[in-house]
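The values are calculated or read from the model by the stated rules, or taken from the named source; none is laboratory data. What you see is a predicted model, and the numbers here were worked out from it, not measured in a lab. Note: ideal-geometry Cβ built from the backbone for every residue, glycine included; neighbour counts use all protein chains shown.
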Amino acid sequence: MADRFSLSSIRERQPSLQSAQCRRHIHLFVICLLMPLLFACCKEPRVDTSSPEALSARASEYWQHRISADFEKTYAMEDPESLKGASLSQYIRSFGSAAKWKEAVVHSVKLAEDPVKALVTMKIRYSWVFSNTREAEPPTIESQLVDNWILRDDVWYHVFKWPFGNIPEAQNPSSNGSGGSGSIPADPAPPSQPAPAGDSPKP
């Protein structure tokens, strides 16, 4: 009697055990299907560094470095061809000392017909600083300038323009130095001779 009861209990449990195993297999199958999707969601989205939005952000970063006089960083963001092989010290000496940049904001970004070239219009605020001025705080001037940018290997580079077209002779790269101390940069054009768009005075 006890044996028949045990056999009967086992037979009754078998369908429920098979059903539980089946559910587990289904759950594992669903998890396997969802794993690639979960990993895809966890990955950071790829940033398009060649987009106009990326160019706007890079132009803003470039000018923040210019305002902070962090010329080593702006030097790294310049198009190598536009530097004409100039060393870092030559590059730093090319910036004038008569203008003090205060603020630069991206106004517009315009891609050229050639997709690797673009024009970025900046709204700038600066003041003239001359040694013979009697004003404690020179007035702030608001203006706009247009920068040329070029895309190389999916990265935007600023096209540097040498003041007055004075391109120094290329130096051996090994002679590159900070050049920040002891160098006297050339002054930009005086206020009576405003530089054309893209060639605004450089601090």
Scanning the stretch 50-64 for residues that are over 8 Å from the mean Cα position of the chain (by Cα) and closer than 14 Å to D154 by Cβ, the one surrounded by the most Cβ atoms within 10 Å (Cβ to Cβ) turns out to be S50
Note to self: One residue is enough: does the stretch 124-147 have a residue meeting the conditions closer than 23 Å to E53 by Cα and in contact with a helix residue (DSSP H, G or I) (Cβ under 9 Å, 6 or more places away or on another chain)?
What the structure shows: yes
Residue check, R152 surrounded by 15 or more Cβ atoms within 10 Å (Cβ to Cβ) and either closer than 25 Å to I167 by Cβ or among the charged types (D, E, K, R) (or both)
no
If we take the stretch 50-114, then helices (runs of 4 or more DSSP H) inside it with 2 or more residues that are touching a helix residue (DSSP H, G or I) at 6+ places or on another chain (Cβ under 7 Å) and under 18 Å from P163 (Cβ atoms) are 52-67, 71-77, 88-93
Taking the stretch 121-163 and the residues there that are part of a loop (DSSP other than H, G, I, E, B) and basic (K, R), the one that is modelled with the highest pLDDT would be K161
Conditions (1) among the charged types (D, E, K, R); (2) closer than 16 Å to D147 by Cβ; (3) in contact with a Pro (Cβ under 6 Å, 6 or more places away or on another chain) -> R93 fails only (2)
Of (1) over 30 Å from V159 (Cα atoms); (2) modelled with pLDDT of 65 or more, I67 fails just (1)
All conditions in (1) within 20 Å of the chain's Cα centre (by Cα); (2) modelled with pLDDT of 95 or more are true of A112 except (2)
Here is a check on your reading of the model: is V120 of a type in the set (V, I, T), under 21 Å from the mean Cα position of the chain (by Cα) and buried (at least 16 other Cβ atoms within 10 Å of the Cβ)? yes
